[in-house]
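Have a look at the structure below, then the notes.
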Amino acid sequence: MTTLSPVEASLAAVEACLARVGAALQNSEADALQRASEQLRMAAVHFSQALQGSAASLSPAMVVRVRTVSVRLTSQRDALARMSAVVDRQVSYPCARAGTIDYLRHFAGWTKRWRGAYLPIRRLKA
């Protein structure tokens, strides 16, 4: 049985947290994503502290693992940005639509150009 160095152990923890973040992103689980992101942040801090405390340079295999983590982290950040944009659109659409309805109620009886077509508006009861 081999004993992992502190750097290897902390890198393994970062990889495990990164896998949990990826699973939470894929399943769109906000609470799990929050928890996994916090754990990933702490694991990354411990990894950087282990690297600073280590006098030895990283082996080529460790360098490959660190680069893989970097690429996965970048792709997950992009996926999170895309998911955030989708949620923003879903939230803003009902708000914009509610604004349109308020506009129509205010100017009841008038027509309003909406989505390229003139819509006849009936008087709405207050």
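Read phi for every residue in the range 12-25 and hand back ³J(HN,Hα) as whole Hz from Karplus 6.51 cos²θ - 1.76 cosθ + 1.60, θ = phi - 60°, with x for Gly and Pro.
Here the 3J(HN,Hα) series is 5, 5, 4, 4, 5, 5, 4, 5, 5, 4, x, 5, 5, 5 Hz.
How large, in Å, is the range 1-77 by the Kirkwood hydrodynamic radius built from its alpha-carbon pairs?
Roughly 13.0 Å, rounded to one decimal.
Using a 10 Å cut-off around each Cβ, can you sort Glu8, Glu29 from fewest to most neighbouring Cβ atoms?
Numbers: Glu8 19, Glu29 13.
Ascending number of Cβ neighbours within 10 Å: Glu29, Glu8.
All of the numbers you see were taken from the coordinates with simple rules; none came from a lab. All values derive from a computational prediction rather than experimental measurement. With ideal geometry, Cβ positions are generated from the backbone for all residues, glycine too; neighbour counts draw on all protein chains shown.
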